[in-house]
Amino acid sequence: MPVQLLAIIFIANKVHCRNELFFKTKPMLQVGTTAPEFQLHSTPDQKLKLSELKGKKVILAFFPADWSPVCGDQMALYNETLKYFRKHNAELIGISVDSKWCHLAFSQDRKLHFPLLADFEPKGGVSKLYDVYDHEEGQSKRALYVLDEQGIIRWNYLSPVGINPGADGILDALEELDKTKN
């Protein structure tokens, strides 16, 4: 078979695969959706189940990786804003595909006061459940969800991977939830 024909077949297959990936990509879970249940390691010997937090608002902060500059800054910011989240009866949970051991070291090094959950095995299982898994990079996207006390998604945000989304959107969503409650 001539080299040119092989090159055309290769390119056509690559385009087909990319289109197939493109069409399988779903947007984030929508506002008003019940957040899918999950259970992940929060420490090497403990697991946290989402349903254990019923009765509290929950902030799910999916992020690509421990030890990366943007993720480190994002988690440090959330650690500093934790008291404001808790004023709204909200618990913060960080989730990435890093292992429980990596999270333990990162959390201790950064003196984080909220759990980091290891979406390690099956890799990205919860990130995939929430439609925030980057299949090309093999990591979680930088995504945020705010859940109400019944586990319903009330706000979501997908940030560009290299940009810290900050805490303003989360705080605005929590304040809005408090207003609708009263």
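Annotations for the structure displayed:
- Tensor-based shape of segment 50-182 (alpha-carbon gyration tensor, a/c under 1.5 rounded, otherwise prolate or oblate): prolate
- Of all the options VAL97, VAL31, VAL58, the one that moves most in a Gaussian network model of the chain with Cα springs shorter than 10 angstrom is VAL31.
- Simple rule: put +1 on each Lys or Arg Cβ and -1 on each Asp or Glu Cβ in the chain, find the dipole, and look at LEU77, LEU48, SER159; the Cα lying farthest toward the positive end is LEU48.
- Between LEU129 and ILE163, the modelled labels are 2.9 nm apart [label points 7 Å from Cα along Cα→Cβ].
- Cβ-based exposure ranking for LEU60, LEU177, LEU53, in which fewest neighbours within 10 Å come first: LEU53, LEU177, LEU60
- Formal net charge of residues neighbouring ALA76 (Cβ-Cβ distance under 10 Å; K, R +1; D, E -1): 0
- Dipole in debye (nearest 20) - the chain, about Cα centre, beta carbon charges: Lys, Arg +1; Asp, Glu -1: 220
- Residues SER107, SER96 in ascending order of nearby Cβ atoms (within 10 Å, fewest first): SER107, SER96.
- Residues ASP119, ASP134, ASP45 in ascending order of nearby Cβ atoms (within 10 Å, fewest first): ASP45, ASP134, ASP119.
- Using alpha-carbon coordinates, inclination of helix 69-87 to the longest axis of the chain, degrees: 30
- Distance between the modelled labels on VAL31 and LEU53, one decimal in nanometres: 1.9 nm (7 Å Cα→Cβ projection).
Bear in mind that the values in this text are calculations on the coordinates, not laboratory data. Quantities reported herein were computed from a predicted structural model and do not represent experimental measurements. Cβ sites come from the backbone with ideal geometry, for glycine too, and all protein chains shown count toward neighbours.
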